[in-house]
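Take a look at the structure below.
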Amino acid sequence: MKILLALDDTARAVDEALRLASEKGASLTALFVLDTGWSVYIGSDFLLGSTARSKFLEYTRDDELSQEQASLAAFRRQAEAAGVAFDIKTASGGRIAKEIIMEAAQGYDLLVMAAPFRRGLEVMRDAPSAILKAATCDVLFVRGGE
Amino acid sequence: MEERKGMAHILAIIPGLAVMIGTLYLLRTFVEPWMKEAVVFGQKGWLVQVLSLNYILLSIIAGIIYRNVFFGGKIPDWAEAGFRTTRLFIKSGVIMLGSLYTLQKLAKVGSIAILLISSFVFGTVFFVLWYGKRVGMDRSMIGVMGASCGVCGVSAAVATSPGVNAKPSEVALAIATILGFGIMTMFISPFIGKALALSDYQFGAWVGTGILNSGQVLATCLAFNPTFAPGTAVAYGEIWNVVRVISIPFVVFIITTWACKAEAAESCSTAGAQMKLSKVFMDRFPIFVLGFFGMTAMSSLGWLGAEGSNTLHLLRDVMSWIFGIGLVGQGAYIDIRELKRAGGKPLRVGLVAGTLKYVVALVVIMLFVSKDASF
């Protein structure tokens with residue numbers, strides 16, 4: 001069995017994916033998607049000068065990279081402690097849900113993710129609904145609480 | 001979307017741009033004339049006269065429909081580069097608006113605009129700093145909300161957040177709040193303005209002071225009166241807008257300095273701690289404002305011809321198309337589903353500060369600004 005875990009700020013999703021992988025003896029892949037959608041999100045604003053715009057985009061990129069490091073390090077620590085074999089993948093795109101759907105189509109049996117999904121601009125969007133409609137494998141949504 | 005270069009970039013712009021231009025053409029040629037003739041509630045032209053559904057608001061509505069209905073919530077890749085030119089169109093339009101004034105006229109109205117804008121910008125900033133703390137919002141977000149409610153919405157939020165270490169996902173929520181509030185005010189303000197019989201001068205001053213986002217100020221003024229000429233709502237509203245735009249660097253500096261004085265250094269980035277006003281001014285000053293003043297200088301020197309000249313007539317006709325095309329694009333960046341997810345403390349603070357500013361500005365304008373225009 002192959003499980004895909006979509007990483008965000010929700011610790012319970014990681015716990016649940018590790019528990020399932022351990023119980024079923026499944027292989028676990030953690031996916032972190034860097035959000036590159038900010039340029040489009042602020043694309044219509046006409047007042048911003050190019051310096052202010054590029055500084056902000058640099059800032060969001062740095063924030064994404066530091067979240068990636070923190071998130072992957074925390075996952076690695078927990079997976080090693082749980083004794084689960086794991087793999088890590090990263091992707092980037094303007095729509096995180098789309099990247100998750102594309103990865104989930106690569107022969108996984110189960111996708112585990114938090115609902116609501118808290119990553120980048122997905123806080124404004126409804127990634128779980130989009131994924132539920134398009135996913136080609138089973139999906140387990142883990143409640144993250146507020 | 002991957003970045004394209006040279007000719008490929010120009011070609012990528014064409015499909016989206018064609019949609020924007022084609023939409024405006026249809027709206028101006030068929031839809032608006034039909035609406036002017038249509039009889040609703042027994043009144044000919046009710047849709048345009050009462051609801052202000054002229055080509056300006058229709059352009060924004062068309063853009064919103066494209067994104068939320070036809071595009072399924074995301075501008076498709078084939079149209080993205082074209083729709084992104086909306087920024088360029090609005091910016092060019094604002095520069096051309098400079099031709100509606102002379103330096104003498106600007107000086108005449110400018111002092112009132114500076115007084116009102118300064119009071120409302122900084123009044124709102126200080127209110128948000130106080131109220132945000134009261135509702136327990138974290139210091140970074142208080143800074144971002146203070147800037148975006150105080151001055152120019154999205155631009156101010158984006159310009160402030162790196163200095164105060166605001167979490168980008170929370171900035172997105174703040175932007176959604178500001179845009180959502182702005183869209184609401186954009187549609188109701190022309191109706192209120194007409195119901196209260198505000199003059200173009202009063203209306204321009206009110207929305208220029210009370211509406212949070214600059215693009216929405218322009219659209220609202222044009223919805224109230226779509227004419228491009230000295231003495232119209234857009235001519236007054238834009239003076240207020242320009243004063244506001246110029247105040248962005250000062251607001252960013254004050255808020256970042258405030259954030260860096262926090263006991264918890266989390267709300268202050270390294271860049272924020274080393275911030276200097278001159279550097280902020282250089283980085284955040286919107287250069288296109290110089291173009292606006294350049295046009296005003298040309299107008300003052302008579303280089304654009306006298307009022308009623310063919311040059312001015314052509315310029316204003318071009319302006320109406322430029323803004324219309326740009327506003328179709330602006331509408332296409334409004335995702336209703338995203339706006340509906342705004343919530344939490346940013347929404348609470350944004351709504352309270354935005355409503356207060358909007359209502360108090362109306363009261364002040366009605367009490368202290370005469371109906372008679374200064375020019």
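Between B:SER118 and B:MET366, the simple label model (points 7 Å from Cα in the Cβ direction) yields a spacing of 2.7 nm. Sorted from longest to shortest, the spans of the Cα atoms of segment B:178-223 along the three principal axes equal 27, 15, 15 Å.
For the segment A:89-98, counting C-beta atoms of other chains within 10 Å of every residue's C-beta and taking the mean gives 1. Normalised Debye scattering of segment B:84-216 at q = 0.11, 0.12 Å⁻¹ gives log10 I(q)/I(0) of -0.47, -0.56, counting only Cα atoms as equal scatterers and leaving out solvent. The largest-to-smallest principal axis extents of the Cα set in segment B:1-153 are 50, 48, 39 Å.
Relative to the longest principal axis of the Cα atoms of chain B, helix B:288-300 runs at roughly 40 degrees.
Computed packing ranks the peptides A:90-100, B:201-211 as B:201-211, A:90-100, most packed first, by mean other Cβ atoms within 10 Å. Here B:LYS74 is the anchor, and the lysines within straight C-alpha reach of less than 19 Å, apart from those fewer than 8 places off in the same chain, are A:LYS98, A:LYS133, B:LYS340.
Mind checking A:111-124 for the average number of partner chain beta-carbons within 10 Å of each residue's beta-carbon?
Values: counts 0, 0, 0, 0, 0, 1, 0, 1, 1, 3, 5, 3, 11, 12.
The per-residue average across the peptide is 3.
As an equivalent ellipsoid, chain B spans semi-axes of 32, 25, 22 angstrom, where each value is the square root of five times an eigenvalue of the C-alpha gyration tensor, largest first.
Can you flag which of A:LYS55/B:LYS91; B:LYS36/B:LYS345; A:LYS89/B:LYS276; B:LYS91/B:LYS279 are past 32 Å Cα-Cα? List each step's numbers first, then the result.
Values: A:LYS55/B:LYS91 20 Å; B:LYS36/B:LYS345 43 Å; A:LYS89/B:LYS276 41 Å; B:LYS91/B:LYS279 23 Å.
Checking Cα-Cα distances, B:LYS36/B:LYS345; A:LYS89/B:LYS276 exceed 32 Å.
Between A:LEU5 and A:THR29, A:ALA30, A:LEU31, A:VAL112, the built amide H atoms are under 5 Å apart, and every one of these is 5 or more places off in sequence or on another chain.
Where the eigenvalues come from the Cα gyration tensor of segment B:67-134, what are the semi-axes √(5λ) of the equivalent ellipsoid, largest first, in whole Å?
Largest first, segment B:67-134 gives 35, 26, 8 Å.
As a calculated quantity, the FRET efficiency between B:LYS74 and A:GLU23 at R0 = 45 Å, using C-beta atoms, amounts to about 0.75. For the pair A:SER129 and A:ALA81 in one chain, pulling the backbone fully straight at 0.36 nm per residue adds 14.1 nm over the alpha carbon distance.
When the gyration tensor of the protein assembly as shown is built from Cα positions, what are the square roots of 5 times its three eigenvalues, in whole Å, from largest to smallest? Before the final figure, lay out the partial values.
On the way: eigenvalues 383, 138, 84 Å².
Working through the eigenvalues yields semi-axes of 44, 26, 20 Å.
Between 0 and 90 degrees, the angle of helix B:168-195 with respect to the longest Cα principal axis of chain B falls at about 40 degrees.
Only Lys, Arg, Asp and Glu count, each charged at its Cβ (+1, +1, -1, -1), so figure out the dipole size of segment B:6-92 about its Cα centre, rounded to 20 debye. Mind dumping the intermediate values first?
Working: 8 positive and 4 negative charges, 36 e Å.
With Lys and Arg at +1 and Asp and Glu at -1, about 180 debye.
Given 25 °C and 0.890 mPa s, compute D for segment B:6-47 with the Stokes-Einstein relation, Rh being the Kirkwood radius over Cα pairs; round to the nearest whole µm²/s. It comes out at roughly 199 µm²/s. Taking label points 7 Å from Cα along the Cα-to-Cβ direction, B:THR311 and B:VAL39 give a separation of 4.8 nm. Spacing of the modelled spin labels on B:LEU301 and B:ARG134, each 7 Å from Cα toward Cβ, amounts to 5.2 nm. Peptide B:327-336 shows a mean partner chain C-beta count of 2 within 10 Å per residue C-beta.
Return the calculated 222 nm mean residue ellipticity for the protein assembly as shown, to the nearest 500 deg cm²/dmol, obtained by summing -39500 (n - 2.57) across DSSP H runs with n ≥ 4 and dividing by the residue count.
Details: 24 runs with 341 residues, N = 521.
About -21000 deg cm²/dmol.
Applying Stokes-Einstein at 25 °C and 0.890 mPa s to the Kirkwood radius of segment A:2-143, computed over alpha-carbon pairs, gives a translational diffusion coefficient of 156 µm² s⁻¹.
Considering only beta bridges that DSSP places wholly inside the protein assembly as shown, some 10 percent are antiparallel.
Just so you know, all these numbers are worked out from the coordinates, no wet-lab data involved. These numbers come from a predicted model, not from an experiment. Methodologically, a virtual Cβ is constructed for each residue, glycine included, from the backbone with ideal geometry; neighbour enumeration extends over all protein chains shown.
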